[in-house]
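Here's the structure we're looking at; comments come further down.
Just so it is clear, none of the values below were taken in a lab; they were calculated from the coordinates. Fair warning: this is a prediction, and the values are worked out from it, not measured in the lab. Virtual Cβ from ideal backbone geometry, glycine too; neighbours counted across all protein chains shown.
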Amino acid sequence: MAPQPSELAFVPFVSVEHMMGLVHHIGIETVLRDLATAIEADFKRWELFDKTPRVASHSDVGVIELMPTSDGEMYGFKYVNGHPKNTRDGLQTVTAFGLLADVDTGYPKLLSEMTLLTALRTAATSAMAARHLAPRGAKCMAMIGNGAQSEFQCLAFKAICGITEVRLYDNDPAATAKCARNLAGLGLKVVPCTSGEQAMEGAQIITTCTADKQNATILTDNMIGAGVHINAIGGDCPGKTELHRDILLRADIFVEYPPQTWIEGEIQQLDQTHPITELWQVISGATKGRRDDKQITLFDSVGFAIEDFSALRYILGAIQGTGFYTQLDMLADPDDPRDLFGMLQRSNP
């Protein structure tokens with residue numbers, strides 16, 4: 001009989017089915033609030049983390065990326081792709097999985113799907129940033145781009161920032177209809193719009209989240225009034241932007257990790273001498289975010305590995321004592337660590 005795996009061989013694995021079950025078990029708005037709290041806590045200790053721009057492999061049709069980081073005790077990485085053309089073939093634009101490991105031993109502690117988790121952590125990060133940057137008491141958000149991320153964004157801003165109305169626009173009316181249908185009955189006033197200009201009416205927060213891999217102009221300068229907060233999350237690779245350059249020149253710009261955002265974010269349109277502020281400095285209290293009612297704030301978000309680390313750390317804690325994971329026989333564990341070959345030989349019946 002082949003030797004049976006020891007406890008050290010197993011790594012908890014959270015599948016898509018498990019992730020969906022866990023989110024329903026906890027409640028999606030609670031998960032979004034918890035993720036925002038976890039991400040904010042790690043932003044407050046930003047300086048402890050290893051930081052590097054994500055490792056990206058670009059093609060004409062998309063990008064595949066690895067996003068690593070460590071706080072010195074745990075190491076995490078995410079594999080993620082972005083292929084806008086996929087939807088034409090019935091595939092997701094973005095898929096992802098991630099791993100969390102112990103720095104002292106190198107042993108993995110968690111393997112998880114991150115397609116759903118990335119959508120949740122992206123929305124939680126957006127709303128967490130808006131708590132520091134958006135106009136006080138904002139109740140109305142324009143959601144430009146009504147694809148796979150849109151509902152998560154809307155619910156995060158409701159749960160974390162107190163938004164009560166969302167105004168939806170997408171150049172594909174079917175996407176807007178889908179988003180409105182999914183948000184029905186979830187406590188938001190949902191207003192489908194037929195143009196970006198209509199979606200702006202009364203909006204104090206503007207979220208842009210489009211998928212096309214090109215320099216687009218989703219928002220023009222004349223669409224942006226004083227005092228608004230722009231949550232620009234669609235830009236995530238070189239040559240892909242959503243905002244007219246003139247908007248950037250009027251706004252105070254906040255970013256996650258400048259070496260990555262200069263490559264991938266809206267600010268790739270600017271000279272690198274242009275002033276920007278790192279979001280962690282606002283969250284830690286080192287500098288101010290919103291200063292007055294007329295200030296235009298822009299969160300130029302491209303997503304950063306620390307946010308994924310926070311999300312994985314949260315999930316590792318959340319699954320304890322639940323059935324929302326599988327123990328995956330993932331690590332070889334011979335009786336004698338130097339005798340891996342012997343373990344292989346003895347496994348032959």
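Restricting attention to the chain, lysine pairs at least eight places apart or on different chains and with alpha-carbon atoms under 12 angstrom apart total 5.
Mean separation of Cα pairs under 8 Å and 6 or more residues apart, divided by the residue count, gives the chain a relative contact order of 22 percent.
Treating r as the C-beta distance of Ala226 and Arg346 and R0 as 56 Å, the FRET efficiency rounds to 0.15. From the alpha carbon centroid of segment 318-334 to that of segment 128-200 is 37 Å. Qualifying GluC sites (Glu not before Pro) in segment 113-210, where qualification requires a DSSP coil assignment and no more than 12 other C-beta atoms within 10 Å, comprise Glu201.
Here the chain is assigned +1 on the Cβ of each Lys and Arg and -1 on the Cβ of each Asp and Glu. Its dipole about the Cα centre then comes out at about 980 debye. With a Förster radius of 30 Å applied to the beta-carbon distance between Asp293 and Met20, the computed FRET efficiency rounds to 0.15.
Working note: 222 nm ellipticity from helices only, DSSP H runs with n ≥ 4, each -39,500 (n - 2.57), summed and divided by the residues of the chain, gives -9000 deg cm²/dmol to the nearest 500. Summing +1 for each Lys or Arg and -1 for each Asp or Glu among the other residues whose beta-carbon sits under 15 angstrom from that of Glu201 gives +1. Solvent-free Debye calculation, one equal scatterer per alpha-carbon of segment 166-275: log10 I(q)/I(0) at 0.13, 0.17 Å⁻¹ equals -0.52, -0.85. Backbone amide hydrogens, once placed in the peptide plane, bring Ile296 within less than 5 Å of Gly227, Asp252, excluding anything fewer than 5 places away on its chain. Given R0 = 35 Å, the distance between the Cβ atoms of Asp339 and Glu73 translates into a calculated FRET efficiency of 0.70.
Couplings for segment 56-63, taken from phi via the Karplus curve 6.51 cos²θ - 1.76 cosθ + 1.60 with θ = phi - 60°, read 10, 10, 9, 9, 5, 10, x, 8 Hz in order; Gly and Pro are left as x. Relative contact order of segment 130-303, taken over Cα pairs closer than 8 Å and 6 or more residues apart, is 23 percent.
Annotation: amide H-H contacts under 5 Å for Thr95 (H modelled 1.01 Å from N, sequence separation of 5 or more, or interchain): Asn81.
With the simple spin-label model, which puts each label point 7 Å out from Cα in the Cβ direction, the Asp60 to Gln320 separation comes to 5.1 nm.
For every other residue with a beta carbon closer than 12 angstrom to the beta carbon of Ala148, add +1 if it is Lys or Arg and -1 if Asp or Glu, then tell me the sum. Cβ neighbours under 12 Å give a net charge of -1.
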